[in-house]
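K.L.:
Please find one structure pasted underneath; my questions will follow.
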Amino acid sequence: MVGGLLEGKNGLILGVANQRSIAWAIARSTSQAGARLAFTYQGERLEENVRSLAGALPGSVVLPCDVLDPAQVDTVFQSLRDEWGRLDFLVHSIAFAQRADLEGNFSETSREGFRVALEVSAFSLVSLARAAAPLMTEGGSIVALTYLGSVRAVPGYNVMGVAKAALESCVRYLALDLGPRNIRVNAISAGPINTLAARGVSGFTSILGQVRERAPLRRNTEAAEVGDAALFFASHLSRGVTGDVLYVDSGYHILGI
Ligand code: NAP
C-alpha cells in the first residue's frame, strides 16, 4: 500500500509523449501515492496528448518545454515557483538521437548527431537540475532514465549508449554537488519497453525477445515496474541513496553469457 507516501509533495515529470511513455507510468505511480504533478511537452504536436492524459490527474500543471531551449526551461521553473513555491522531485525521462545514428555502424556517427544526442539526452539533466535545485528548499529527488547500452555495447543503440554513459556520469557528479542541500540524484536503468523512442532503435523487437528468453525473471520489463521504482526514489524510502543506478530489467544485466 503506497497511498500517502508522496502526500503534500510536488513533482515535475518531463518526457510524457503518450500513454506508453515510461514517464506516464511514473506519473501513475507517483500520483497514486498522493503527489501533485506538473508535466511538460515538446512542441505543439504533443500538447494535446499530454493535456488529455494530465486531465485525468486533478490539479496537474502542463507546460511547454523543449530542453534545447534555455528560455523554455527557465519559464517552466518560474511557473512552478509561482504555482507551487516548492518542488520535491523531478523525473527526467527524455532522450533523442537522429534515426540515422540508431542503425548501421557506430563509427559512422556524425558530429552533429553526436552533439544532439548528448545535448538532449545528457546535458539536459544538468540544466534541469541547476534550475530545479533552488526550488527544492526542503531537499529533493531527481531521477533520470537510462539503459544498459551505457555500459555494454548493444547493437543498434550506438550513440545513445554514449549519451546514456554521459547521463549516468552526470547523475554521479550532480549527486556530489547537490548532496549537501539534501537533493538526491539517481538513475533507473530500465529493461527494453515498447515505446515511441524504443521503436527508433533498429532491432528493438529482437532485443525484447532476447530479454524474455534469457533474463532471470523470463519476462520483459513493464513500465509500471519502472513507475514504482521511481516512486521509491521520489519518496523518503530512498533517503539514504544517491548517485546510484538501479536496474529494473528482470535481472538481465547480471548475465555473463
Ligand atoms: P517516449 O515515450 O518516446 O519518451 C521520450 C520523450 O523524450 C518524449 O516525450 C520526447 O518528446 C522527449 N524528448 C525528446 N527530445 C526532447 C527535447 N528536445 N525536449 C523535451 N523532450 C524531448 O519513450 P520512453 O521509452 O518512455 O523514453 C523515456 C526515457 O526512458 C528515455 O530517456 C529513454 O532513453 C529511457 N529508456 C527507455 C527504455 C525503453 O526500452 N523504452 C529503456 C531504458 C531507458 P518527442 O516525442 O516530442 O520527441
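The values are calculated or read from the model by the stated rules, or taken from the named source; none is laboratory data. Note that the coordinates shown come from a computational prediction; the quantities given were computed from them, not determined experimentally. Note that each Cβ is placed from the backbone with ideal geometry, even for glycine, and that neighbours are counted across all protein chains shown. For accessibility, only protein heavy atoms count, side chains too; no ligands or nucleic acids. Shrake-Rupley method; radii C 1.70, N 1.55, O 1.52, S 1.80 Å.
K.L.:
Considering only the range 26-46, how many residues are among the hydrophobic types (A, V, I, L, M, F, W, C), open to solvent by less than 10 Å² (accessible area, probe 1.4 Å) and near the ligand (Cβ under 8 Å from one of its atoms)?
P.N.:
0
K.L.:
Further question on the same structure: Go through the range 161-199 and give me each residue that's within 14 Å of the chain's Cα centre (by Cα) and of a type in the set (D, E).
P.N.:
E168
K.L.:
If A122 satisfies all but one of (1) over 30 Å from F233 (Cβ atoms); (2) open to solvent by less than 10 Å² (accessible area, probe 1.4 Å), what's the number of the condition it fails?
P.N.:
(1)
K.L.:
Only residues that are away from the ligand (no atom under 16 Å from the Cβ), open to solvent by 10 Å² or more (accessible area, probe 1.4 Å) and under 15 Å from V143 (Cβ atoms): list them for the range 6-25, please.
P.N.:
Within the range 6-25, just K9 meets the criteria.
K.L.:
Going by the structure shown, is E103 open to solvent by 40 Å² or more (accessible area, probe 1.4 Å), in contact (Cβ under 8 Å) with a residue 60 or more places away in the chain and acidic (D, E)?
P.N.:
Details: open to solvent by 40 Å² or more (accessible area, probe 1.4 Å): yes; in contact (Cβ under 8 Å) with a residue 60 or more places away in the chain: yes; acidic (D, E): yes.
Criteria met by E103.
K.L.:
Now for a separate question. Would you mind telling me which numbered condition in (1) over 16 Å from W24 (Cβ atoms); (2) in contact (Cβ under 8 Å) with a residue 60 or more places away in the chain A190 fails?
P.N.:
With respect to (1) over 16 Å from W24 (Cβ atoms); (2) in contact (Cβ under 8 Å) with a residue 60 or more places away in the chain, A190 is out only on (1).
K.L.:
Any residue in the range 66-86 that is crowded, with 17+ Cβ neighbours inside 10 Å, closer than 30 Å to E7 by Cβ, free of Cβ contacts under 8 Å to residues at least 60 places away in the same chain and away from the ligand (no atom under 12 Å from the Cβ)? Give the derivation first.
P.N.:
Keep residues of the range 66-86 that are crowded, with 17+ Cβ neighbours inside 10 Å, which gives 67, 73, 76-77, 80.
Add one more test, that the residue is closer than 30 Å to E7 by Cβ, and what stays is 67, 73, 76-77, 80.
Remaining after also requiring free of Cβ contacts under 8 Å to residues at least 60 places away in the same chain: 73, 77.
Applying the additional criterion that residues be away from the ligand (no atom under 12 Å from the Cβ) yields 77.
Yes, the range 66-86 has at least one match.
K.L.:
With respect to R130, determine if the residue is basic (K, R) and either within 14 Å of the ligand (Cβ to nearest atom) or closer than 17 Å to G15 by Cβ (or both). Walk me through it before giving the result.
P.N.:
Details: basic (K, R): yes; either within 14 Å of the ligand (Cβ to nearest atom) or closer than 17 Å to G15 by Cβ (or both): no.
So R130 does not fit the description; no.
K.L.:
Let me ask you something else. Confirm whether N220 is touching a residue at least 12 places away in the same chain (Cβ under 8 Å) and more than 12 Å from the ligand (Cβ to nearest atom).
P.N.:
On the way: touching a residue at least 12 places away in the same chain (Cβ under 8 Å): yes; more than 12 Å from the ligand (Cβ to nearest atom): no.
So N220 fails the test.
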